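Participant: First the structure, then my questions, so here it is.
The values are calculated or read from the model by the stated rules, or taken from the named source; none is laboratory data. All values derive from a computational prediction rather than experimental measurement. Cβ: placed from backbone, ideal geometry, glycine included. Neighbour counts: every protein chain shown. Keep in mind that these areas ignore ligands, DNA and RNA; they rest on the heavy atoms of the full protein, side chains included. Shrake-Rupley method; radii C 1.70, N 1.55, O 1.52, S 1.80 Å.
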Number of protein chains: 2
Amino acid sequence: MKASQFLISTLKEAPADAEIVSHKLMMRAGLIKRLGAGIYNYMPMGLRVIRKVEAIIREEMGRAGSIEMLMPVVQPAELWQETGRFDKMGPELLRVKDRHGRDFIIQPTSEEVITDVARQELRSYKQLPKNLYHIQTKFRDERRPRFGLMRGREFTMKDAYSFDRDVESAGKSYDAMFGAYCKIFDRLGLEYRAVAADTGAIGGDRSHEFQVIAETGEDAIVYCPTSSYAANIELAEALAPSAPRGAASQALTLTPTPGKSTCADVADLLGLPLTQTVKSLVLATDTLDDKGVVTGTQIWLLLVRGDHELNEVKAGKVKGLKGGFRFATAGEIDGAFGCKPGYLGPIGIKGVKIVADRTVAAMSDFVCGANQLDHHYTGANWGRDLPEPDLVADIRNVVAGEPSPDGQGVLAIQRGIEVGHVFYLGKKYSEAMNATFLAEDGKPRHFEMGCYGIGVTRLLGAAIEQGHDERGIIWPVSMAPFEVVICPIGMDRSELVREQALKLYEELKAAGVDVLLDDRGERPGAMFADWELVGVPLRVVLGDRGLKEGLAEVQGRRDAQASNVALAELLAQVQARLKA
Amino acid sequence: MKASQFLISTLKEAPADAEIVSHKLMMRAGLIKRLGAGIYNYMPMGLRVIRKVEAIIREEMGRAGSIEMLMPVVQPAELWQETGRFDKMGPELLRVKDRHGRDFIIQPTSEEVITDVARQELRSYKQLPKNLYHIQTKFRDERRPRFGLMRGREFTMKDAYSFDRDVESAGKSYDAMFGAYCKIFDRLGLEYRAVAADTGAIGGDRSHEFQVIAETGEDAIVYCPTSSYAANIELAEALAPSAPRGAASQALTLTPTPGKSTCADVADLLGLPLTQTVKSLVLATDTLDDKGVVTGTQIWLLLVRGDHELNEVKAGKVKGLKGGFRFATAGEIDGAFGCKPGYLGPIGIKGVKIVADRTVAAMSDFVCGANQLDHHYTGANWGRDLPEPDLVADIRNVVAGEPSPDGQGVLAIQRGIEVGHVFYLGKKYSEAMNATFLAEDGKPRHFEMGCYGIGVTRLLGAAIEQGHDERGIIWPVSMAPFEVVICPIGMDRSELVREQALKLYEELKAAGVDVLLDDRGERPGAMFADWELVGVPLRVVLGDRGLKEGLAEVQGRRDAQASNVALAELLAQVQARLKA
């Protein structure tokens, strides 16, 4: 490609609404252009990256036996009503009526449509397993779209769906996709982790997120550097302390803590470590009658150590909270504790179910709220000052340095950006839509399903969050809009430069290198700044003086400086560096 | 690709709602699957065809200097309000509100968005000309979607838009696209014609439709077999008769024609040729005041010869009808003619403007309605029995055998399916959206624009309408989902067949041939029927007996029978036949 025949539009400044680095750089490099909130034009430069990502995905999906098709963007509501998602999904599902007043949705995913296809097309166990995917425009009407392609409304996703005859076969399909995803992210040249993830209401243990490592990531991912353990923070188990609970050594003491309503402030005031304090969180569960009217409410007190954080996903797995919980209202808290938040605690209350985190259950001489304004207890001890907790469970986020659940070392925590997800669905959709095949015994059986997503456009943002510096984007070679840019200096003045630039351009093209020749006639500084911003991995500078000595300058995007390369070796050098 | 790893689902019967052959065959061959009215899943077999079409389009668009980008499916209404299309377009424009109640549309085309991009990105004449395109999902909420992909609601279109500094340059951009389209349809292997088309309200003479020739086509296309003249029926000019009007030889006679309200019936009754009769069509134009209230109505009588058809597009170009016309109401007709339709005519009426087709203006002794129930006049003559017409114009469709407007022969008419359109837009959108660039004189100037569409998914239907027989689809090689299918007979019984089939499969793949190996283990008849239905251009049958003699059977999809080919020559033969 010659720059004069392409659309290059770099900006000095990012627009004000760009909060994170990838959004800023994508706008500045002219990869995307905002059309509306969370809706972007993929400009020619950005589309090249998308196409490269898609090509790698297609190849690896094909190798793993997945078959490409294309499902519509606009889908009839009927199918979504079969699974109940038409009603259950919130306003993020974009609903639309056609000219006849019939309901449709703009697809955010395609479980319903693919299950409908399967129940018509896959009739016999002989046709199984089958795995179908598409790469299609999706829409999710985010309440607050932001971060460019990271949390947009219209986006491109690859979603695959597997259909198997039984759980064992479904496991193999899952493994095949897991393997394909590893190959895809390896080939994209990204640093990532596959982490075990919570399976939510569906259950089972087959769910992995693929997280691109980046300090700016929204997700916390937990791993053990000395073993293969990796999980997202929702799932990573916090083990019970190995040491038993210590004996009580202090007396329970009502201590004034005026205005100190956080554990940190209380610890500070009392000169005690934060790890000696206990945090109180009040939840509520409602009992409903057949008509959905609330007939009773149970108040719950959840206790985690002062330096720990409640993990709501884990809390949702506690017996009695599984059916769904909410945070208690101010009135409910006052009714149960006779005190306002900030000074709540487990001592001297009635009718409240107490769930202690495993760590809290092993504490002695701890500090907790006294259920009196501006007061805490110190020296509190289980069994002496209050009954043992009703339930002990893992209800907190792990922290770095804790023992790994696999017993193979200690945990570390990184930030990540979720770009892929493999998920064993079981019969959730096949049962809801009565999608069956005829098994070997001649009887209909529901498909075992899995779903497998990759956020194609999100990957661009994630790659940039991982790879950038103060000058711009640093793409992996496989994702870069161009692999090499030729920057001729004074192409309009020097026939030698012009001739050599065109020659090199043709040579690289013929060798299959994705090369751009910058024939815009820009000054070197502006030219270099543009390509550093866009993030082209390799730059070849051709100047009159160098060429007369038979030399070109080659500089990788991460290199501190350029190196001189003899023209005779240039092609080989460029190819070698792209492969490195 | 091996059939066992692909999704093949052919049907014996087409669904009842499939009216035309391409729709039937696409459903039967498993290329598409209906999801809702006018909304289809593109199944793996169909998607392969789409991808091949897209790849050819991309290559030729790139060669012609057009740059690919991707504009969103969901577009903010604001831009569409700038051009007025949000209000002007009827219910075929799918409108949707997001969670905040803001208006959006699902794009049917992208003039507004691309013009918005251009007014931001293309600031100087130095950046011009530019041509940008995308291949994207479109939606048009057809009142009555039918014919499968021919008139669907969701479809894929390639739309390109050119931006130029002046009319001359815009003409070059237009020509480049015209040339690219010819290459695209040539490479797709379709029989087509580029025909001049009407430019509607925009004016100018730069509009061409690309029509795939098919007997079942919706459009009539007019061409001259002995010259390059080609136009669609709306545009093709009907010349005035070369012979002058004959002298009156009959007396005007009021003739009873009870119950004969059509020209054909009247001619029949009177034993006169249909070409002696004149057909009356009554239109009305309204005068509106500033508030859109009708302040006056003019009635028009349009006259075409009995065997001719009114051309409404041409009528719309007649002075006085340009602003828009409608067919007159029954009440208006009765008021102006004192008679009901079927017996209307130009004699003895007042206040009605008469427009005669050129042919009618040259007629003498003609038959026309007498404005009396059950009566016609015979022997009517201009100037004697009624005044000369107020206007004489070309207001009818041409018919085959007429002289070509270029004077180079006579016209022929074919049926066609419109699959592409190139259109010179001028400043229609750039002025509406105030999209300007800085010209060489430093002043802002509106872009000269062109738009260029290809109906990607529609092309599949058109190709099948053109290429099929009673056994199924006959694809051009470049569009076929697979170029070659290998059908091994008894692969499970004969190790020789198995080995040779796999060997040939690998050889063809290595030679870059898009080959499918049918390893499903189907019986020969079922296998052959499937691939004839799907329309694979070349079939290679490997059987135990033939292989022992070193022979395979090769049969082209259009061949009456197979020919034996020596295994040693098989690869070369297959490659040669695909290129032929």
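Participant: Answer yes or no: is there a residue in segment B:527-535 that is of a type in the set (Asp, Glu) and in contact with a Ser or Thr (Cβ under 9 Å, 6 or more places away or on another chain).
Facilitator: Narrowing segment B:527-535 to residues of a type in the set (Asp, Glu): B:530, B:532.
Restricting the remaining residues to those that are in contact with a Ser or Thr (Cβ under 9 Å, 6 or more places away or on another chain) gives B:530.
Yes, there is a match, as at least one residue in segment B:527-535 is of a type in the set (Asp, Glu) and in contact with a Ser or Thr (Cβ under 9 Å, 6 or more places away or on another chain).
Participant: Taking the conditions exactly as written (at negative phi and in contact with a strand residue (DSSP E or B) (Cβ under 7 Å, 6 or more places away or on another chain)), does A:Val117 satisfy them or not?
Facilitator: For A:Val117, the condition - at negative phi and in contact with a strand residue (DSSP E or B) (Cβ under 7 Å, 6 or more places away or on another chain) - is met.
Participant: Working only within segment B:29-49, note down all residues that are basic (Lys, Arg) and farther than 17 Å from A:Ile67 by Cα.
Facilitator: B:Arg34
Participant: Output the residue which, of all residues in segment A:123-148 that are open to solvent by 20 Å² or more (accessible area, probe 1.4 Å) and under 19 Å from the mean Cα position of the chain (by Cα), is farthest from the other protein chains (Cβ to nearest Cβ).
Facilitator: So the residue we want is A:Phe147.
Participant: Being out of contact with any helix residue (DSSP H, G or I) (no Cβ under 8 Å at 6 or more places or on another chain) and in a strand (DSSP E or B) narrows it down to one of A:Thr137, A:Thr109, so name that one.
Facilitator: Result: A:Thr137 is the single residue among A:Thr137, A:Thr109 that is out of contact with any helix residue (DSSP H, G or I) (no Cβ under 8 Å at 6 or more places or on another chain) and in a strand (DSSP E or B).
Participant: Could you grab me the full set of residues in segment B:406-433 that are open to solvent by 40 Å² or more (accessible area, probe 1.4 Å) and not hydrophobic (A, V, I, L, M, F, W, C)?
Facilitator: B:Asp406, B:Gly407, B:Gln408, B:Arg415, B:Glu418, B:His421, B:Tyr424, B:Lys427, B:Lys428, B:Glu431
Participant: Which residue out of B:Tyr377, B:Tyr429 is among the hydroxyl-bearing types (Ser, Thr, Tyr) and not assigned by TED's automatic domain parsing to the domain that holds B:Pro346?
Facilitator: B:Tyr429
Participant: Continuing with the same structure: Hey, among A:Ala18, A:Ala29, A:Ala55, A:Ala3, which residue is without any contact (Cβ under 8 Å) to a residue 40 or more places away in the chain and more than 10 Å from chain B (Cβ to nearest Cβ)? Spell out the reasoning first.
Facilitator: Values: A:Ala18 fails: without any contact (Cβ under 8 Å) to a residue 40 or more places away in the chain; A:Ala29 fails: without any contact (Cβ under 8 Å) to a residue 40 or more places away in the chain; A:Ala3 fails: without any contact (Cβ under 8 Å) to a residue 40 or more places away in the chain.
Going through A:Ala18, A:Ala29, A:Ala55, A:Ala3 in turn, just one is without any contact (Cβ under 8 Å) to a residue 40 or more places away in the chain and more than 10 Å from chain B (Cβ to nearest Cβ): A:Ala55.
Participant: Mind listing whichever residues of segment B:73-99 are facing chain A (nearest Cβ under 8 Å), surrounded by 20 or more Cβ atoms within 10 Å (Cβ to Cβ) and within 25 Å of the chain's Cα centre (by Cα)?
Facilitator: Passing the criteria: B:Val73, B:Leu94.
Participant: Within segment A:278-317, can you find the residues that are among the hydroxyl-bearing types (Ser, Thr, Tyr), within 28 Å of A:Ala238 (Cβ to Cβ) and surrounded by fewer than 19 Cβ atoms within 10 Å (Cβ to Cβ)?
Facilitator: Once the filter is applied, which keeps residues that are among the hydroxyl-bearing types (Ser, Thr, Tyr), within 28 Å of A:Ala238 (Cβ to Cβ) and surrounded by fewer than 19 Cβ atoms within 10 Å (Cβ to Cβ), segment A:278-317 yields only A:Thr285.
Participant: With respect to A:Gly200, is the statement that it is in contact with a helix residue (DSSP H, G or I) (Cβ under 6 Å, 6 or more places away or on another chain) and at pLDDT below 95 true?
Facilitator: no
Participant: Out of the residues in segment A:37-49 meeting the condition of being part of a strand (DSSP E or B) and open to solvent by 10 Å² or more (accessible area, probe 1.4 Å), tell me which one is farthest from the other protein chains (Cβ to nearest Cβ).
Facilitator: In this case the residue turns out to be A:Tyr40.
Participant: So which residues in segment B:440-482 are over 23 Å from the mean Cα position of the chain (by Cα), open to solvent by 10 Å² or more (accessible area, probe 1.4 Å) and touching a residue at least 12 places away in the same chain (Cβ under 8 Å), if there are any at all?
Facilitator: B:Glu440, B:Arg445, B:His446, B:Glu448, B:Arg471
Participant: Also, quick follow-up: Do the conditions hold for A:Gln120, that is, is it more than 7 Å from every other protein chain (Cβ to nearest Cβ), without any contact (Cβ under 8 Å) to a residue 40 or more places away in the chain and touching a Lys or Arg at 6+ places or on another chain (Cβ under 8 Å)?
Facilitator: yes
Participant: Which numbered condition in (1) surrounded by 18 or more Cβ atoms within 10 Å (Cβ to Cβ); (2) more than 30 Å from A:Lys33 (Cα to Cα); (3) among the acidic types (Asp, Glu) is the only one that A:Glu499 fails?
Facilitator: Evaluating A:Glu499 over (1) surrounded by 18 or more Cβ atoms within 10 Å (Cβ to Cβ); (2) more than 30 Å from A:Lys33 (Cα to Cα); (3) among the acidic types (Asp, Glu) leaves (1) as the failure.
Participant: For segment B:63-75, state whether one or more residues are aliphatic (A, V, I, L, M), assigned to a helix (DSSP H, G or I) and under 30 Å from B:Ile474 (Cβ atoms).
Facilitator: No.
Participant: Let me ask you something else. Out of everything in segment A:507-535 that is more than 24 Å from A:Arg493 (Cα to Cα) and not in a helix (DSSP H, G or I), what residue ends up being nearest to the chain's Cα centre (by Cα)?
Facilitator: Step one: list which residues in segment A:507-535 are more than 24 Å from A:Arg493 (Cα to Cα), which gives A:509-514, A:532-535.
Right, trim to not in a helix (DSSP H, G or I) and you get A:511-514, A:535.
Working: A:Ala511: 37, A:Gly512: 34, A:Val513: 32, A:Asp514: 30, A:Gly535: 23 Å.
The residue in question is A:Gly535.
Participant: Quick one: B:Pro346 ticks every box in (1) more than 29 Å from the chain's Cα centre (by Cα); (2) at pLDDT below 95; (3) not β-branched (Val, Ile, Thr) bar one, so which box is it?
Facilitator: Of (1) more than 29 Å from the chain's Cα centre (by Cα); (2) at pLDDT below 95; (3) not β-branched (Val, Ile, Thr), only one is false for B:Pro346: (2).
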